[in-house]
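Values quoted throughout were computed directly from the atomic coordinates according to the rules given, and no laboratory measurement underlies them. Computed from a predicted structure; not experimentally measured. Using ideal geometry, Cβ is built from the backbone for each residue, glycine included, and neighbour counts are taken over all protein chains shown.
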Amino acid sequence: MHEIAVLMKACDMAEQIAKDNRIRRIAYLRLEVGELTGYLPVFFEKYYPIAIEGRPVFEGSELIIDEVRGEGMCNACHSLYNIMKHEGRCPKCGSRDKTILGGQTFKIKDIGVAQEEEGDFEGSKEAPAGT
């Protein structure tokens, strides 16, 4: 299970971005998790409170996860399909020869910045990060 180490690194990066941009409080951390990364979003959700413990910039923040489907194109018949759903085999012709089109990435998609007075979102800072 590598989720906790990856999540800790993402939180470290978000915290550094906040520091570099003089952001006092992060309202949310949005991660993009590809289905083919092998990471299970449920573990990111489970360990988020532990990852942000003792980090005031994350106080009251929310973790948002956008899951990206593992899409592939069959090199034999050119059908598009979900690789995970079909266990790597083209549902049309049965071939395992494919080109992966998506679902292999993990990144910080954005960071929500909390407003000081109202507790609303001020905006977001793009923060692409790969692991």
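Data overview
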{"read-out": "On Cα atoms only, tilt of 3-20 relative to the major axis of the chain in degrees", "value": "50"}
{"read-out": "Interchain or long-range residues, amide H under 5 Å from Val68's placed H", "value": "Val33, Gly34, Glu35"}
{"read-out": "Residue-wise HN-Hα coupling along segment 51-67, computed from phi with Karplus coefficients 6.51, -1.76, 1.60 (Hz; x: Gly, Pro)", "value": "5, 9, 4, x, 10, x, 4, 9, 3, x, 7, 10, 9, 10, 10, 9, 8"}
{"read-out": "Cysteines (scope the chain) whose Cβ has no counterpart Cys Cβ under 4.7 Å", "value": "Cys11"}
{"read-out": "Inter-label distance, nm, simple model (7 Å from Cα along the C-beta direction), Ile4/Asn75", "value": "3.9"}
{"read-out": "Neighbourhood charge, 12 Å Cβ-Cβ cut-off, centred on Tyr81 and excluding it, Lys, Arg +1 and Asp, Glu -1", "value": "+4"}
{"read-out": "Set of lysines near Lys109 by C-alpha distance (under 25 Å), chain-local residues within fewer than 8 positions excluded", "value": "Lys9, Lys19, Lys46, Lys85, Lys125"}
